[in-house]
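Report on one structure; see the data block that follows.
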Amino acid sequence: MAEMRAFLVTVQQINEGVLQDDMKKVADAARKVGRAAQEAVPVSLMGKLPLDFKKLGFDTHTRFDALALDAEQFGDKEQALGALTELMQNCISCHAGYRIDLVME
Ligand code: HEC
């Protein structure tokens, strides 16, 4: 859930960066939830997650890294917003398909 809140913060920061014409802010925000952030997931949790779920999660982190790189290299605001809009399909489809339920044992 902390990872999810970080995603949300990043989406806001990317929008803000674009509005302020600050592509460094866009790149920094995107990189914070890139692949490096994903390594923080504990092995015990990783083992319990369905494969498709992990693929979607992995793809989302990868797309944020790509967005960061493009923002740095090209500084193209429209491209950044386009990439964000596209990757947010991942947020939507994962939320549509999965939930986390507490199981009392
Ligand atoms: C691989 C699956 C997956 C992807 C991709 C994903 N999420 Fe989530 N997210 C979840 C699950 C599962 C929950 C828990 C939902 C539940 O149990 O009802 C969640 C919950 C959340 C929450 C609520 C957190 C809380 O504290 O309650 C936010 C905010 C959120 N996601 C934002 C995002 C955003 C923004 C993205 C895309 C950038 C995203 N998520 C991508 C699986 C995903």
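No lab work stands behind these numbers, since they all come straight from the coordinates. No experiment lies behind these values; they were computed from the predicted model shown. Every residue, glycine among them, receives a Cβ derived from its backbone with ideal geometry; neighbour counts consider all protein chains shown.
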Original post:
Which value in deg cm²/dmol, rounded to the nearest 500, describes the helix-derived mean residue ellipticity at 222 nm for the chain, given -39,500 (n - 2.57) per DSSP H run of n ≥ 4 and division by the residue count?
Top reply: -24500 deg cm²/dmol
**OP:** Please report, in debye to the nearest 20, how large the charge dipole of segment 2-97 is about its Cα centre when each Lys and Arg carries +1 at its beta carbon and each Asp and Glu carries -1 there.
**Re:** 420 debye
Subject >> trypsin sites (Lys or Arg not before Pro) within segment 1-64, DSSP loop, no more than 14 other Cβ atoms inside 10 Å >> reply: 48
**OP:** Multiply the residue separation of residue 79 and residue 62 by 0.36 nm, subtract the distance between their alpha-carbon atoms, and state the gained length in nm to one decimal.
**Re:** 4.5 nm
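Fewest to most neighbouring Cβ within 10 Å: what's the order for 33, 103, 11, 26?
Details: 33 25, 103 5, 11 18, 26 29.
In order of increasing Cβ crowding within 10 Å: 103, 11, 33, 26.
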Original post:
Which lysines does residue 24 reach when only Cα atoms under 24 Å apart count, and residues fewer than 8 places away in its own chain are ignored?
Top reply: 32, 77
Original post:
If a helix is a whole DSSP H run, which ones in the chain reach 24 Å or further along their own axis (Cα) and hold a mean Kyte-Doolittle hydropathy of at least 0.0?
Top reply: 2-19, 77-97
